[in-house]
Structures are given as structure tokens and as C-alpha cells.
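A short worksheet on the structure shown next.
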Amino acid sequence: IDAGKAQSERVRVLAFLERDDVRTQMLSLGIGNEEAKARVASLTDSEISRVAAAMDQLPAGGDVGIVGAILLIFVILLFTDILGLTHIFPAISGKR
């Protein structure tokens, strides 16, 4: 993946996280907006490409697409916590 495309995809994912409905849903899952944006910023170009591609596969518009994208981001954040790459979820990482 070229750097320009990865940057464009990163901007698109970050813009999605700025939506009020997305922020509300992420908070309900225990993820603050700044935490989510920091994690997205730290994803590799390959990882951000997979997130953007998965977002493209979700139904356009409506709550189903939004919830699907939020769950996708949540799973990525959860997975990175399990691997010890992030510490967003204290119960998983053991940090409080």
C-alpha cells in the first residue's frame, strides 16, 4: 500500500470516529474518543488499510453500517489490548 493511500484511509477512519453517533457508541463500549484516535493513529499502513476495506464492505448508511464499523474498530482495539500493544481496557491489560 502506498503512503498516500494509507494516509487517506487513516483520515477517513479518524473522521468516522468524530461523528457524534460513533463517539456515543464507542463511549458505551468503554473507549474514549482520544483513546480511539490515538490507537488509529498508531496502526500500521497495512492495518489501517484492512480497517478501511472492512468499513467499505459494511452496508452503506443506516444504523447497521455504523454499528458494524464501530464493532470492527472495537474488535481491533480489543485485539491490540490482548496482544499488549495498547492499554485501553484495564481489565484485559491488568493496568488500572
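The values are calculated or read from the model by the stated rules, or taken from the named source; none is laboratory data. Since this is a predicted model, take the numbers as computed values, not measurements. Reconstructed Cβ throughout: ideal geometry from the backbone, glycine too, with neighbour counts over all protein chains shown. In case anyone asks, the SASA skips ligands and DNA or RNA and just uses the protein heavy atoms, side chains included. Shrake-Rupley method; radii C 1.70, N 1.55, O 1.52, S 1.80 Å.
Assess whether ARG23 counts as being assigned to a helix (DSSP H, G or I), over 11 Å from ILE73 (Cβ atoms), open to solvent by 50 Å² or more (accessible area, probe 1.4 Å) and not acidic (Asp, Glu).
It is true that ARG23 is assigned to a helix (DSSP H, G or I), over 11 Å from ILE73 (Cβ atoms), open to solvent by 50 Å² or more (accessible area, probe 1.4 Å) and not acidic (Asp, Glu).
Within region 29-55, take every residue that is surrounded by fewer than 17 Cβ atoms within 10 Å (Cβ to Cβ) and in a loop (DSSP other than H, G, I, E, B) and give me the one that is modelled with the highest pLDDT.
Applying the filter and picking the extreme gives GLY32.
At pLDDT 70 or above and open to solvent by less than 30 Å² (accessible area, probe 1.4 Å), is that true of GLY68?
When the stated conditions are applied, GLY68 passes them.
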